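The values are calculated or read from the model by the stated rules, or taken from the named source; none is laboratory data. As the structure is a prediction and not an experimental result, all values here were calculated from the model. Here the Cβ positions follow ideal geometry from the backbone for every residue, glycine too, while neighbour counts run over all protein chains shown.
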Amino acid sequence: MEPEQQSCKVIIVGGSIAGLSLANMLERVGIDFVVLEAYQEIAPQVGASITIWPHFARILDQIGCCTYNHSHLYVPVLRDPLQALVDKYCNQAFYRNQQGDRVFEFPGMGDVLERRHGYPAIFIDRQMLVSALYQNLQHKDKVLVQKRLTQIEQMNDGVQVITQNGSTYIGDIVIGADGMHSHVREIMHILGQNTSSPDCFEKDEYSKVPCTYKCIFGMSKPTKGIEKGTTHTVMGKNYSYIIGSGTGKIYWFLSVKNSETTYGKGVPRYTVEDEQRLAEQHFKDRLNEHDIFEDMYRNRIKSRLTPLHEYQWKRWYFGRIMTIGDASHKIHPISGNGGAAAIEDAATLVNELYGKLILQRKLGQVSQHLSTEDFQDIFAKMQSAQEDRSKQLLEQSTKIQQGDAMESRFAPLAVKYILPHLTGETFFSLCRSAKSSFTLFSSSDGP
Ligand SMILES: Cc1cc2nc3c(=O)[nH]c(=O)nc-3n(C[C@H](O)[C@H](O)[C@H](O)COP(=O)(O)OP(=O)(O)OC[C@H]3O[C@@H](n4cnc5c(N)ncnc54)[C@H](O)[C@@H]3O)c2cc1C
């Protein structure tokens, strides 16, 4: 049954995890939307993977995008062979030292997660997730590709956005789900600085965005040393690996500390040659009893070198414009929480927006559109509900990276004398505590 239609239209810029999650939630509560995606296809394969932790899976389940049953994560809208996305979830975690020797093992990790939170953890292609979010929409015609946003005009009663190819869209609000290099955020800052309250945004905040690590991420054909259903962390001096087995492939990240932290426009962009050079420097790194990095790299299907910015923007909204996901906070991928933070942002925003529209309906003002002040109130509540949570995830990820790359003088001692004596559950509770308090899509009837 179609939900009752609300008198509000949302223009979503960006058709990836944040944008398509938001579209799914809006559709479920009857709020009109259009998604403008810059690229010519939704869900291109860039070689990235994503860990779906329980808090992430739960919201995906709420929006009908996945169901979890008997050790399989099903994505109902995808046809075979992707229907059962994982044939074995991550159930065993290994920590290894620089020589590739096991120093800590957590058998039954997935079982513990499932017992505690109702879902295990799985590794899949990011492309599969974005594709599932798209396929799950009833109104796919509202997702438009090759629509790169270039301009936003705010009016008293709405917004107008213009794309590079000259198309114009009118709505009540614009949500920038356009990633780390968000153009919506850039326009919002300029609009804010040109108003009577120019201090609402810090001048040139972008120059404060730091980058301390870079990362080659990729997917490879299985190697001898990585069994199905396992994840492996390898801790080297100033570098670390996370390797996990997923859908008939292995997914991996090699994070390497830069010689210095760079900021804003000073953060380098990398070429294929840069990636090759960095990979070769690490070819002899031992990953386990069987593999060195060269084995995995030569077996690769796709890979890419990227800088890892880590930052949370101070203010996420202005007037009728708001940012969500990576456009608001860029979290180091080591904890696998950037996508989860993005979907939580979408859930919180829809909870607030839908709550306001329902209140308006109760007051008998069904056809009346929300005012700019109403949206300011919704956006302020959304940011205040989410910012501590995403900050916590951001700081936790930074600490995990510092620990895994043995930045502290005491790290080698901890790896040798403490880590081997921890139980799996203690270790997990120590470093992954943020996973227990998460946002839900409360406007849903789902789980
Ligand atoms: C190596 C790596 C590994 C990661 N692993 C994990 C993980 O395991 N688990 C996890 O939860 N997270 C992980 N992340 C983080 C996760 O991928 C991001 O947090 C997530 O993709 C953010 O989603 P988003 O929709 O906010 O932004 P993005 O995914 O960056 O999407 C932005 C979208 O906006 C579009 N766009 C940009 N500009 C415009 C414009 N002007 N007009 C229209 N469209 C535009 C882009 O084309 C893109 O589709 C990882 C990140 C990296 C780099």
If you check every pair at least six apart or on different chains, which have Cβ atoms under 9 Å apart with a residue in region 1-14 that is on the phi < 0 side of the Ramachandran plot and surrounded by fewer than 23 Cβ atoms within 10 Å (Cβ to Cβ) first and a residue that is among the hydroxyl-bearing types (S, T, Y) and part of a loop (DSSP other than H, G, I, E, B) second? S7/S367
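Look through region 288-320, keep the residues that are of a type in the set (V, I, T) and more than 19 Å from the chain's Cα centre (by Cα), and return whichever of them is farthest from G179 (Cα to Cα). Break it down stepwise before answering.
From region 288-320, those of a type in the set (V, I, T) are 292, 301, 306; that's our starting set.
Checking which are more than 19 Å from the chain's Cα centre (by Cα) leaves us with 292, 301.
Values: I292: 33, I301: 25 Å.
So the residue we want is I292.
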Whether any residue in region 24-42 is at pLDDT below 90 and either touching an Asp or Glu at 6+ places or on another chain (Cβ under 6 Å) or over 15 Å from H139 (Cβ atoms) (or both) is what I want to check. no
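Would you mention how many residues in region 111-144 are assigned to a loop (DSSP other than H, G, I, E, B) and surrounded by fewer than 18 Cβ atoms within 10 Å (Cβ to Cβ)?
Within region 111-144, the first condition is being assigned to a loop (DSSP other than H, G, I, E, B), and the residues that meet it are 118-121, 136-139.
When the remaining residues are screened for being surrounded by fewer than 18 Cβ atoms within 10 Å (Cβ to Cβ), the result is 118, 138-139.
Here the count works out to 3.
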For Q160, only one of the following conditions fails: (1) surrounded by 14 or more Cβ atoms within 10 Å (Cβ to Cβ); (2) closer than 21 Å to E27 by Cβ; (3) modelled with pLDDT of 95 or more. What is its number? (2)
Checking Q281, Q276 in turn, the sole residue that is without any contact (Cβ under 8 Å) to a residue 24 or more places away in the chain and under 21 Å from E407 (Cβ atoms) turns out to be Q281
Listed residues K203, K214, K147; which is of a type in the set (K, R), assigned to a loop (DSSP other than H, G, I, E, B) and surrounded by 14 or more Cβ atoms within 10 Å (Cβ to Cβ)? K147
Candidates I226, I216, I243, filtered to the one that is more than 16 Å from the ligand (Cβ to nearest atom) and β-branched (V, I, T): I226
Given the structure, is D285 of a type in the set (D, E), in contact with a strand residue (DSSP E or B) (Cβ under 8 Å, 6 or more places away or on another chain) and over 21 Å from R126 (Cα atoms)? yes
Out of everything in region 314-357 that is under 23 Å from R58 (Cβ atoms) and more than 16 Å from the ligand (Cβ to nearest atom), what residue ends up being surrounded by the most Cβ atoms within 10 Å (Cβ to Cβ)? L353
For region 250-287, how many residues meet the condition of being within 23 Å of the chain's Cα centre (by Cα), in a helix (DSSP H, G or I) and exposed (fewer than 14 other Cβ atoms within 10 Å of the Cβ)? 1
Scope region 98-110; condition farther than 17 Å from H421 by Cα, touching a strand residue (DSSP E or B) at 6+ places or on another chain (Cβ under 7 Å) and buried (at least 17 other Cβ atoms within 10 Å of the Cβ); matching residues: G100
Residue tally, condition touching a residue at least 40 places away in the same chain (Cβ under 8 Å) and within 10 Å of the ligand (Cβ to nearest atom), over region 134-161: 7
Which residue is farthest from the ligand (Cβ to nearest atom), if the candidates are limited to region 26-41 and must be of a type in the set (A, V, I, L, M, F, W, C) and out of contact with any Ser or Thr (no Cβ under 7 Å at 6 or more places or on another chain)? I31
Residue hits (region 93-129; touching a Gly at 6+ places or on another chain (Cβ under 9 Å), among the aliphatic types (A, V, I, L, M) and either within 16 Å of the ligand (Cβ to nearest atom) or without any contact (Cβ under 8 Å) to a residue 12 or more places away in the chain (or both)) are A93, M109, A121, I122, I124, L129
